[in-house]
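Worksheet for the structure shown next.
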Amino acid sequence: MSKDNDYALMVVIPKQGPNAESTNDLVHDLRDYHKDAQDKYGFKTEISGQSVINIDMSKKLNEAIPLFATVIVVLAFFLLMIVFRSILIPLKAVLGFVLSLMATLGFTTFVMQDGFMKGLFGIETTGPMLAFLPVITIGILFA
């Protein structure tokens with residue numbers, strides 16, 4: 001509590017790590033309670049921390065990825081269409097890019113997140129993928 005009794009700080013430590021589903025549920029529960037408390041009691045609350053930042057960043061990136069990928073594919077198609085003066089060649093190139101992207105992200109999820117064949121690749125622990133991995137993958141596959 002602050003000296004003038006205007007502010008209070010509460011620290012909530014989850015039982016599991018920042019990538020655990022229970023931590024994600026805890027953050028959502030705290031946010032629900034936070035909204036109810038503001039409406040009911042009229043005080044302002046803020047929620048912060050590494051877990052909250054990770055959840056918010058993942059949400060924003062997941063919302064932006066479809067638009068990002070669409071812009072990349074459409075621009076590539078039009079640039080290739082101008083260079084090759086054809087529709088078939090850019091269409092095949094864009095289709096190959098989209099299929100490569102889907103295969104790469106699918107296999108990465110299959111191994112890293114779901115844990116299949118992790119022994120084959122020497123992976124000891126599995127967990128959620130980094131939120132910005134699709135953006136990096138699009139850049140690597142397209143460059």
* **Helix-only [θ]222 nm of the chain, DSSP H runs n ≥ 4, -39500 (n - 2.57) each, per residue, nearest 500** => -21000 deg cm²/dmol
* Furthest towards positive pole of dipole, THR125, TYR7, SER100, structure part the chain, Cβ charges -> SER100
* What is the extension gain from LYS59 to ILE123, computed as 0.36 nm multiplied by their sequence separation minus the C-alpha to C-alpha distance, in nm to one decimal? -> 20.4 nm
* Asked: Using θ = phi - 60° and the Karplus curve 6.51 cos²θ - 1.76 cosθ + 1.60, what whole-Hz ³J(HN,Hα) does each residue of segment 33-42 get, with Gly and Pro shown as x?
  -> 5, 4, 5, 5, 5, 5, 5, 6, 9, x
* Structure fact -> Treating every alpha carbon of the chain as one equal point scatterer without solvent, the Debye formula yields log10 I(q)/I(0) values at q = 0.13 Å⁻¹ of -0.79
* Which value, in debye to the nearest 20, describes the size of the charge dipole of the chain about its Cα centre when Lys and Arg Cβ atoms bear +1, Asp and Glu Cβ atoms bear -1, and nothing else is charged? -> 600 debye
* Using Cα centres only, tell me the gap between segment 97-136 and segment 49-96 in whole Å. => 19 Å
* Structure fact -> Sequence order, segment 108-123: Karplus ³J(HN,Hα) from phi using 6.51 cos²θ - 1.76 cosθ + 1.60, θ = phi - 60°, Hz rounded, Gly and Pro as x, gives 4, 5, 4, 8, 6, 8, 8, x, 6, 6, 5, x, 4, 9, x, 8
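Bear in mind that the values in this text are calculations on the coordinates, not laboratory data. No experiment lies behind these values; they were computed from the predicted model shown. Cβ: placed from backbone, ideal geometry, glycine included. Neighbour counts: every protein chain shown.
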